[in-house]
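Novice: Here it is: the structure, laid out below.
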Amino acid sequence: MQVDIIITLRESILDPKGKASRHALENLGFREITEVRIGKFIQLEIDTDDPGEARKLAEQACEKLLANAVMENYEIRIPDNA
Amino acid sequence: MNIGVLVFPGSNCDHDAYHALKHIHGIDTSFIWHKESDLGNVDAIVIPGGFSYGDYLRSGAIARFSPVMNSVASFASKGGPVLGICNGFQILLEARLLPGTMMANEQLRFSCKFINLTCRTNRTPFTSSVPTETILHIPIAHGEGNYFADDDLVKQLEDRDQIVFSYCDAFGNITEVANPNGSTANIAGICNETGNVVGMMPHPERAVEKQLGSNHGRFLFDSIDQYLTHSI
């Protein structure tokens, strides 16, 4: 089962990459784009048919390794079960 | 006295640390491969700089799960002195042996240059004989050295004497201009509550010979040398 994870910096944390990209977009004329936040996309293949089980494992993987809870939030998406 | 220098895939300051300890300071030093679960007979540990595991995911995030890090955690919990330099500092943060986290430099550029540092406490084994009135001239070399701590943590670090080094100007003033990467409160190095685990972004091992620009890094290695001489 495929599980997608989206990791973003917490709101309170300055995102210099997002900020630099927003400035570049502004210079290109995209004045309506007022904020850019850059994160990570991680795709897992988990050997189970149970979406609940897959979500639980993905959550553990995020807590233990994939995300740093001090500065990042994570969102788990299960496309087949969306 | 024996100091162990950890080696991860991607460490690149391990030999500099070995050179500073062994050849400049005459301390018995050995490399410890990250797959080792036994630290052997060491009295202190240095986690050197570099790009362990290519900085994949986050700097230090994967290295902290190397077998050797369990032994480092138990060594540290018994009061063993541990110094993490640059990527070593990032690994200590990821391993939660030190509080806070590291972000990309505010200016988004890798920064490699000499900076000025002030040593804020002599209570750690690595700073016990660093003269606090001397402005240390030591290089930095990092892209992710922007130390982040929220207000509560900064207060805790200040109250418990856990700020070890701060970026300063040539006169020792801790100013925004002297901050090379956007670190909270100009923090360049911190220690744990007991003071035996120290992490710092600047590279003292690159400043041990005057021919290379500075020998102020020697103060740190002299400190651990004297500390171990008196404690073993």
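The values are calculated or read from the model by the stated rules, or taken from the named source; none is laboratory data. Computed from a predicted model, the values in this text were never measured in an experiment. Cβ: placed from backbone, ideal geometry, glycine included. Neighbour counts: every protein chain shown. Calculation scope for accessible area: heavy atoms of the full protein, side chains included, ligands and nucleic acids excluded. Shrake-Rupley method; radii C 1.70, N 1.55, O 1.52, S 1.80 Å.
Novice: Accessible area, 1.4 Å probe, largest first: how do B:Val177, B:Val154, B:Val68 sort?
Specialist: Correct descending sequence by accessible area is B:Val177, B:Val154, B:Val68.
Novice: Could you compute how fast the protein assembly as shown diffuses translationally, taking Rh as the Kirkwood radius over C-alpha pairs and applying Stokes-Einstein at 10 °C with viscosity 1.306 mPa s? Give it in µm² per second.
Specialist: The estimated diffusion coefficient comes to 77 µm²/s.
Novice: Suppose only helical runs count, i.e. DSSP H with n ≥ 4. What mean residue ellipticity at 222 nm does that imply for chain B under -39500 (n - 2.57) per run, divided by all residues and rounded to the nearest 500 deg cm²/dmol?
Specialist: Mean residue ellipticity, 222 nm, calculated: -6000 deg cm²/dmol.
Novice: For A:Lys19, give me every one of the aspartates and glutamates with a C-alpha distance below 14 angstrom, ignoring sequence neighbours fewer than eight places off in its own chain.
Specialist: A:Glu11, A:Glu35, B:Glu106
Novice: Can you pull the one-decimal nm distance between simple spin-label points at A:Arg31 and B:Lys113, each 7 Å off the Cα toward Cβ?
Specialist: 3.5 nm
Novice: Work out which helices of chain B, taken as complete DSSP H runs, extend at least 24 Å along their axis over the Cα atoms and score a mean Kyte-Doolittle of 0.0 or more, then list them.
Specialist: What comes out of the filter, once short or polar helices are dropped, is none.
Novice: Which of the GluC sites (Glu not before Pro) found in segment A:32-78 are in a DSSP loop and have at most 16 neighbouring Cβ atoms, other than their own, within 10 Å?
Specialist: The qualifying sites are A:Glu32, A:Glu35.
Novice: Within 10 Å of each candidate Cβ there may be at most 15 other Cβ atoms; applying that plus a DSSP loop requirement, which trypsin sites (Lys or Arg not before Pro) in segment B:112-213 survive?
Specialist: B:Arg123, B:Arg160
Novice: Given a Förster distance of 35 Å, report the FRET efficiency between B:Asp152 and B:His230 from their Cβ-Cβ distance, rounded to the nearest 0.05.
Specialist: It comes to 0.45.
Novice: For segment A:2-81, what is the largest minus smallest coordinate of the Cα atoms on each principal axis, given in angstrom and ordered from greatest to least?
Specialist: Between the extreme Cα coordinates on each principal axis of segment A:2-81 lie 47, 27, 14 Å.
Novice: Further, regarding this structure: How far apart, in nanometres, would the label points at B:Asn41 and A:Glu75 be if each is projected 7 angstrom from Cα along the Cα-to-Cβ direction?
Specialist: 5.7 nm
Novice: Among the lysines, which have Cα under 19 Å from the Cα of A:Lys17 when same-chain residues fewer than 8 positions away are ignored?
Specialist: Counting by Cα, and skipping residues close in sequence, A:Lys17 has these lysines nearby: A:Lys40.
Novice: Please return the longest range in chain B lying between exposed loop sites, taking chymotrypsin sites (Phe, Trp or Tyr not before Pro), DSSP loop only, at most 16 other beta-carbon atoms within 10 Å, and leaving the sites out.
Specialist: The longest uninterrupted stretch comes out as B:172-232.
Novice: If you restrict to DSSP beta bridges whose two residues both lie in segment B:2-231, what percentage is antiparallel, to the nearest 5?
Specialist: Here the antiparallel bridges make up roughly 60 percent for segment B:2-231.
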